[in-house]
Every structure is written in C-alpha cells, then in structure tokens.
Amino acid sequence: MNYHPSTHCPNCFHASPSAICPHCNFDRDKYLKEHASNHHLPLFTRLDKGYVIGRVLGEGGFAIVYAALREADGLAFAVKEYYPESLASRGLNNCTVQAKRNETERLAVWQKRFKEEAEHLRRCQDYPAIAGVVKRADLLEQNNSVYLVMERLQGNSLRDYLTEPKSAQWILGWLKPLLATFEQLHNRQIFHRDVSPNNVFLTAEKSTDVDECDYKFYTV
C-alpha cells in the first residue's frame with residue numbers, strides 16, 4: 001500500500017481524507033505542525049521485514065519511539081530507533097544515521113549498548129512468569145542504525161499522570177507490582193538502569209476512573 005502524509009493517518013495508518021482521523025481521532029495536521037521534526041524518520045518510511053513508520057510516540061536523548069505497522073498482518077507495533085542527537089545527524093536521504101565530526105567511536109559504543117538493551121529485553125521473555133515488561137518483537141539493523149520493535153501499548157506513561165496529586169491507593173496500585181517485577185528481574189541479574197516516570201507505562205483495564213483502575217506497568 002502507498003501511504004502519504006496528506007491522505008493517511010500516521011497514528012493508525014488508515015486512509016484519512018480529513019485532518020481528524022475518523023478511525024482513531026488523531027489530529028494529523030496538528031501533529032505535522034507542532035511535533036514533526038527534521039530529525040525524525042520521514043512519515044511512512046519503510047523498514048526491513050515490512051514495518052512502516054508512523055508518528056513519534058516519544059523521544060529521549062538516545063532514542064526515538066515511533067508508531068509502526070507490520071504490513072504482512074496489519075499488527076501495530078512501537079519501534080525504538082537508536083538516535084543520539086548529540087552524536088549523530090540524518091544523512092541526505094533523511095533516514096541514514098551518520099556520526100557528527102569526531103563522534104564515530106562514541107556513536108559505535110552507544111549503538112552496542114542499545115543492542116545490549118534489546119538483548120536484555122529478549123531475556124525477559126525467557127521468564128513468562130514475570131509480568132509487566134513490554135514484549136520485544138524484532139531487532140533490525142538498517143540505515144546505519146538499530147531499530148527495536150516492541151508491542152505497542154495503549155495508555156500513558158507515568159509522567160503523564162503526575163500533573164496533579166494522586167491518592168495513596170492509586171500510587172500503591174502501580175508501585176507494588178512495579179517493585180515486585182524489579183525484584184524478579186534483579187534475581188535473574190537483569191537491571192533496567194534508567195527507571196523514570198517516562199519509562200513506566202500504565203494501561204487502564206477496567207475503569208475510566210483513574211483512582212479505581214487496575215494498572216500494568218511496562219519498562220522500556
């Protein structure tokens with residue numbers, strides 16, 4: 001299928017003749033105006049194994065996370081691209097990652113660490129009894145970069161919820177299972193090393209009332 005920023009939704013990938021997607025209500029024009037950036041992969045970039053890149057879900061100092069679609073089966077994923085903006089820039093094709101001047105060695109070192117992160121995530125799946133860790137689907141090496149393909153979650157990061165005071169019950173609802181999972185991971189010598197509200201993802205399952213919801217947490 002041929003996707004285009006003016007005719008398709010970068011969030012759910014359905015055809016969307018209007019700015020507001022009729023399928024997921026995502027505001028395409030607002031995203032393109034306020035959030036799209038030259039250092040992001042171009043919308044609907046195609047990666048190996050049939051993954052198509054959509055909008056940015058989040059980004060940090062060393063990576064960008066995109067919405068993605070696997071065309072073979074239509075499943076939604078999140079793709080985490082290794083992109084340390086302080087060390088690298090985009091090439092002329094707007095996809096290739098290239099080291100900035102005198103940063104080739106450091107770029108390679110951090111790319112190796114990114115691959116190690118992906119391997120730790122794969123190891124977590126060896127222990128199905130450990131709940132709450134996002135599932136890894138694939139690892140791609142392309143465009144002089146690395147792409148970690150994960151399940152796409154519905155919900156919000158913990159940081160999104162911390163804009164106003166919360167009840168003790170609500171806090172314990174995610175904190176207790178979070179600590180339990182970290183204990184299980186540490187017992188198997190698996191360490192996150194970057195725990196923050198940005199990296200804990202809450203998914204409401206039973207209620208729209210935040211104080212009564214059940215939550216799962218995901219570390220990424």
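The values are calculated or read from the model by the stated rules, or taken from the named source; none is laboratory data. What you see is a predicted model, and the numbers here were worked out from it, not measured in a lab. Neighbour counts are summed over all protein chains in view; Cβ atoms, including those assigned to glycine, are modelled from backbone coordinates with ideal geometry.
Structure above, values below:
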read-out	value
Qualifying positions in segment 164-205 - of a type in the set (S, T, N, Q) and more than 30 Å from residue 53 (Cα to Cα)	167, 169, 181, 184, 187, 189
Condition broken by residue 49, with the remaining ones in (1) of a type in the set (D, E, K, R); (2) more than 18 Å from residue 95 (Cα to Cα); (3) surrounded by fewer than 17 Cβ atoms within 10 Å (Cβ to Cβ) satisfied	(2)
Verdict on residue 108 being closer than 30 Å to residue 173 by Cβ and of a type outside the set (Ser, Thr, Tyr)	no
Condition broken by residue 43, with the remaining ones in (1) within 24 Å of residue 157 (Cβ to Cβ); (2) more than 15 Å from the chain's Cα centre (by Cα); (3) surrounded by fewer than 20 Cβ atoms within 10 Å (Cβ to Cβ) satisfied	(3)
Residue list for segment 52-76, filter: crowded, with 21+ Cβ neighbours inside 10 Å and closer than 14 Å to residue 153 by Cα	66, 67, 68, 69
Close pairs from segment 135-149: first more than 21 Å from residue 107 (Cα to Cα) and in the same structural domain as residue 90 (by TED's automatic domain parsing), partner of a type in the set (A, V, I, L, M) and assigned to a strand (DSSP E or B), Cβ under 7 Å, at least 6 apart	135/150; 136/148; 136/150; 137/149; 137/150; 138/149
Per-region count, segment 157-168, residues surrounded by 12 or more Cβ atoms within 10 Å (Cβ to Cβ) and either assigned to a helix (DSSP H, G or I) or in contact with a strand residue (DSSP E or B) (Cβ under 6 Å, 6 or more places away or on another chain) (or both)	5
Filtered residue count, segment 198-217, keeping only those that are assigned to a helix (DSSP H, G or I) and either within 22 Å of residue 122 (Cα to Cα) or at pLDDT 90 or above (or both)	2
Filtered residues of segment 85-103 (kept if out of contact with any strand residue (DSSP E or B) (no Cβ under 8 Å at 6 or more places or on another chain) and either surrounded by 13 or more Cβ atoms within 10 Å (Cβ to Cβ) or closer than 18 Å to residue 56 by Cα (or both))	85, 94, 95
Filter result for the condition that a residue is crowded, with 17+ Cβ neighbours inside 10 Å, part of a loop (DSSP other than H, G, I, E, B) and either polar (S, T, N, Q) or out of contact with any helix residue (DSSP H, G or I) (no Cβ under 6 Å at 6 or more places or on another chain) (or both), over 178, 153	153
Residue count, segment 87-114 (criterion: part of a helix (DSSP H, G or I) and among the small types (Gly, Ala, Ser))	1
